[in-house]
Amino acid sequence: MEEAKRLFERMPEWDIVLWGVMLAGYAQRGYMDQAEFFFEEMPERNSVAWNIMVAGYAQNDLLEKAKALFDRMPEWDVVSCSTILQVFAENGQFVEAKRTFDSSPERNVFSWTEMLGALANQGKVDEAQEVFHRMPQWNVVTLNSMLAANAQNGYLDQAKAVFDRMQERTAVSWNSMITAYGQNGCIDMARETFDNLPGRNDASWSGLIAAFAQNGLLDEANRVFERMPQWTSIAWNAIAAGTAQNGRVEAAMDLFGKMAGKNSVSWNSMIAGNTHNGQLEQAKSMFDKMPQRTMLSWNSMVAGFAHFGQGREALELFHAMALEGIKQDEIAFVNVLVACSRIGCVDRGWQYFESITRDHGLNLTADHCGCMVDVLARAGKLEDAEEMLGKMPRTRSEGAWGSLLGACRTHWDLSTASRAAQEFAWLKPERAFSYIMLANVCSSESKGGRGFA
């Protein structure tokens, strides 16, 4: 860029195109300080210059600057709106993404696809379907996004419907179906889809390995691994993660030791495998040795400590994330709220809960509310817990009602237990859990000398 700058300075005059070339050169290479200087020095700025800067900030994780510059733009076009929409969507800022989408003067297939993906990542599959059907046109990326959204959220029939209507299928399409079948226990269909795949890649083989491993068929997963024409890091990660998921942590660690090219996925898979199986000391040792920690690394460790009763350690690690400059996401707050519930930190739980939207600009999810219900219920604040439940989407609250019902037994509250049992039975009529728990509450009341007429 230094040579380009010297040539630029020697030119007798500069037009807006030359300014744009220099601006793009700095922004694309991550030299945003120099890009800012050129941008501010430009005698006039067209939409191309503004869009280069917004995209440059976004690509270099300078999200606040990207948003501030976008707001300064004298006029938005489809490129600027699509760029900032992608920024919001990729960083979980769904409200901002939707605001931008709704106010866009013009939308292209990229804008529609980003909005669809943002809804899917929030678990709002019905709304994603609505956007999908409103789109004036689809391309293979859009169809793959809708397929993946259905598959990841358990809507297998809808995923298959999208797959069947695709005139052009990419490897992503086929691999998404293999993954969807595996996640929903349809092993024969996963194998059939793999066998029919015209051109298999590493992700195809790894998807089938994961499908077998997720369903406890580790021998089959190993046979697929042995059949691979060559073992890539993706395949090694799939078989090692699958082995750990099936409780064979030491065998997984042996596989990890044999890997030639370990990457962050490899390390994270082993940390997750160890934490899921309660091997927290070994997980923490790996975490400390990691060449580079990702958000997933931190979240796995915090979750492991929280779920295995080491809440204090979970809280310490959660605060260490902030000190390391890691931007905590929605999952991080689910984990820290679980830790608060395990050790009875109601006040701190409230602080974390309220900071999710207020301080961090994240979206409050049903999981956050459910965890907060558990924090309150375990601490005996049953009335507050029930009030919180009233604010949750009813169809996603069965776990929280179960937590409240369990707490009613501990705290001898038959009245709340009766309402919780009714709600749980309405949500899950096929399960006898609510009736059993209500009977246990009644038994606890009687044994505790709290008989009722």
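A few points about this structure:
- Selection of the stretch 330-364 for residues being surrounded by fewer than 19 Cβ atoms within 10 Å (Cβ to Cβ) and not in a helix (DSSP H, G or I) yields G344, D359, H360, G361, N363, L364.
- Restricting attention to the stretch 134-170 and to residues that are under 20 Å from N196 (Cα atoms) and of a type in the set (G, A, S), the residue that is surrounded by the most Cβ atoms within 10 Å (Cβ to Cβ) turns out to be A151.
- Checked against (1) in a loop (DSSP other than H, G, I, E, B); (2) under 16 Å from A244 (Cβ atoms); (3) not aromatic (F, W, Y), Q282 meets all criteria but (1).
- Of the residues contained in the stretch 273-293, one or more are found to be among the small types (G, A, S), under 24 Å from the mean Cα position of the chain (by Cα), crowded, with 17+ Cβ neighbours inside 10 Å and at pLDDT below 90.
- Condition broken by Q137, with the remaining ones in (1) over 21 Å from A238 (Cβ atoms); (2) at pLDDT 85 or above satisfied: (2)
- Hey, I326 aliphatic (A, V, I, L, M), part of a loop (DSSP other than H, G, I, E, B) and assigned by TED's automatic domain parsing to the domain that holds M301 or not: yes
- Of the residues A49, A4, A27, A35, the single one that is among the small types (G, A, S), surrounded by 11 or more Cβ atoms within 10 Å (Cβ to Cβ) and modelled with pLDDT under 70 is A4.
- Test for A210: is it closer than 17 Å to F194 by Cβ and either free of Cβ contacts under 8 Å to residues at least 40 places away in the same chain or among the β-branched types (V, I, T) (or both): yes
The values are calculated or read from the model by the stated rules, or taken from the named source; none is laboratory data. Keep in mind that this is a model prediction, so the values were computed, not measured. Ideal geometry is used to build each Cβ from the backbone, glycine not excepted, and the neighbour counts take in all protein chains shown.
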